[in-house]
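Below is one structure, written out as structure tokens; comments come after it.
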Amino acid sequence: MPADRVMPTSESADLIALTRQLVSKELAPLVDTHEANETFPRETFRLLGEAGLLSLPYPEPYGGGAQPYEVYLQVLEEIATVWASVGVGVSVHALSCFALAEFGTPQQRDQWLPEMLGGDRLGAYCLSEPQAGSDPAGMRARAVRQGDEYVLNGVKAWTTHGGQADLYTVMARTDEGRNGISCFLVPAETPGLESDPPERKMGLTASHTTAIRLTDVRIPVSRRLGAEGEGLRIALKGLDSGRLGIAAVATGLAQAALDAAVGYAQQRETFGRAIIEHQALSFLLADMAAAVEVSRATYLSAARRRDLGLPFTQQASIAKLVATDNAMRVTTDAVQVLGGVGYTRDFPLERYMREAKVMQIFEGTNQIQRMVIGRSLGAKTHIHIAGGT
Ligand SMILES: Cc1cc2nc3c(=O)[nH]c(=O)nc-3n(C[C@H](O)[C@H](O)[C@H](O)COP(=O)(O)OP(=O)(O)OC[C@H]3O[C@@H](n4cnc5c(N)ncnc54)[C@H](O)[C@@H]3O)c2cc1C
């Protein structure tokens, strides 16, 4: 049973209903084939773009839906409930638009944002490198200024939509140190930009992830986003919102696993009763349902802070940590509820479990989320309760 949502407006409730219709009619029939054949569903992103589902949290003048994050994330969760690879793709596309939307000049935004938000130009986000994942400040890719151009060299790793994207948001060094990183928007057709073949992954196989090789890639200075040296700040600020996206995707995946497990437990019988009537199993399902609700409440609470313009870095890390750990547990327990068949590829549960694992790794591993949370706790002034020890 799909999540019973409380939406802030009737318009946003209609948007959820539209999304459910579209994903069950247009996406659900494609999932198994693309995941089994490891093919990238480019047309699906075009369709989502035409439906306005790639531009929800962005301003109307650029073709955006001007929706609060509280609404965008629930739409994203609905997409991920049917197809996690596409859910991740929509979230990464939004992340790749972030730098342009927040740090681009009005000219840059006018020129490139509408085509990205409309789905004509798919984005990718290139921060990680083979030797610098959790520690992006350790990146080595270089951007050397030569007159009115930058020349980029280096290797970016783990690029979602690698080899499929039309525009790459690339972080590269223009100088030494943490403040020596800058951000660039590089068209895929630029000479010297090459993609490796897709990584052979445990899951999310319809979402292509590749290394991107930059060899004397020449781009005009007008393709730098923000000032020189602002790249890491732009990247990390984008990840605050990106982590909310991953929290919503993980919650959608867990909702799908819960729905499948409950459906199965209502009709599968042992000892003459539906297994859902066996207390030990209904308690397992109860814990799974509680975990999904807690994940959704946690990302919505962080989203509302973002919508109010309040700082939300700590809350975004908590939401990513809670929702992705819960998704791993709920998808694992869902396989358990189905017993032997849960372990076969005849049911989607084993795929959900494989897909959930990477959500604890990308957009900052969950160890890194704890580091972010711990640091922000350390930075806060504590309130002393009178009489306490
Ligand atoms: C499918 C997929 C898609 C991805 N998409 C993108 C993308 O589109 N763009 C992009 O830029 N990146 C992307 N990534 C990269 C992802 O963000 C990194 O894999 C992640 O940040 C971890 O970096 P790493 O793999 O280098 O692991 P490492 O940084 O080498 O970490 C290895 C282990 O050490 C732990 N660790 C590291 N440092 C610490 C510390 N200080 N304290 C405690 N534990 C620590 C980590 O938590 C992890 O468990 C993707 C990765 C995958 C798998």
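Where strands (runs of 3 or more DSSP E) fall wholly inside the range 158-269, the ranges with 1 or more residues that are open to solvent by 10 Å² or more (accessible area, probe 1.4 Å) and under 30 Å from residue 327 (Cα atoms) are 209-220.
Annotation for the range 120-140: at least one member residue is more than 13 Å from the ligand (Cβ to nearest atom) and under 23 Å from residue 40 (Cα atoms).
Note on the range 308-352: residues that are closer than 18 Å to residue 236 by Cα, over 16 Å from the mean Cα position of the chain (by Cα), touching a residue at least 24 places away in the same chain (Cβ under 8 Å) and surrounded by fewer than 21 Cβ atoms within 10 Å (Cβ to Cβ) total 1.
Taking the listed residues 337, 322, 330, the one that is away from the ligand (no atom under 16 Å from the Cβ), under 18 Å from residue 88 (Cα atoms) and among the hydrophobic types (A, V, I, L, M, F, W, C) is 322, with no other qualifying.
For the range 141-163, the tally of residues that are more than 13 Å from the ligand (Cβ to nearest atom) and not small (Gly, Ala, Ser) stands at 10. All of 81, 33, 44 fail the test of being part of a helix (DSSP H, G or I), out of contact with any His (no Cβ under 9 Å at 6 or more places or on another chain), among the polar types (S, T, N, Q) and farther than 19 Å from residue 295 by Cα, apart from 33.
Among the residues of the range 215-223, not a single one is within 24 Å of the chain's Cα centre (by Cα) and within 18 Å of residue 128 (Cβ to Cβ).
Number of residues in the range 353-362 that are within 6 Å of the ligand (Cβ to nearest atom) and either outside any loop (DSSP other than H, G, I, E, B) or in contact (Cβ under 8 Å) with a residue 40 or more places away in the chain (or both) equals 2. The residue list 21, 67 contains one member that is polar (S, T, N, Q), at negative phi and buried (at least 19 other Cβ atoms within 10 Å of the Cβ), which is 67.
Residue pairs whose Cβ atoms lie under 6 Å apart, sitting 6 or more positions apart in sequence or on different chains, and linking a residue in the range 29-54 that is more than 13 Å from residue 86 (Cβ to Cβ) to a partner that is crowded, with 16+ Cβ neighbours inside 10 Å, are 38/205; 52/65. Against the test of being assigned to a strand (DSSP E or B) and of a type in the set (Gly, Ala, Ser), the options 124, 99 yield a single qualifying residue, 124. Taking the listed residues 280, 260, the one that is more than 30 Å from residue 123 (Cα to Cα) and touching a Pro at 6+ places or on another chain (Cβ under 9 Å) is 260, with no other qualifying.
The values are calculated or read from the model by the stated rules, or taken from the named source; none is laboratory data. Remember, predicted model here, so these are calculated numbers, not experimental data. Neighbour counts are summed over all protein chains in view; Cβ atoms, including those assigned to glycine, are modelled from backbone coordinates with ideal geometry. To get the accessible areas, we keep the full protein, side chains included, count just its heavy atoms, and leave off ligands, DNA and RNA. Shrake-Rupley method; radii C 1.70, N 1.55, O 1.52, S 1.80 Å.
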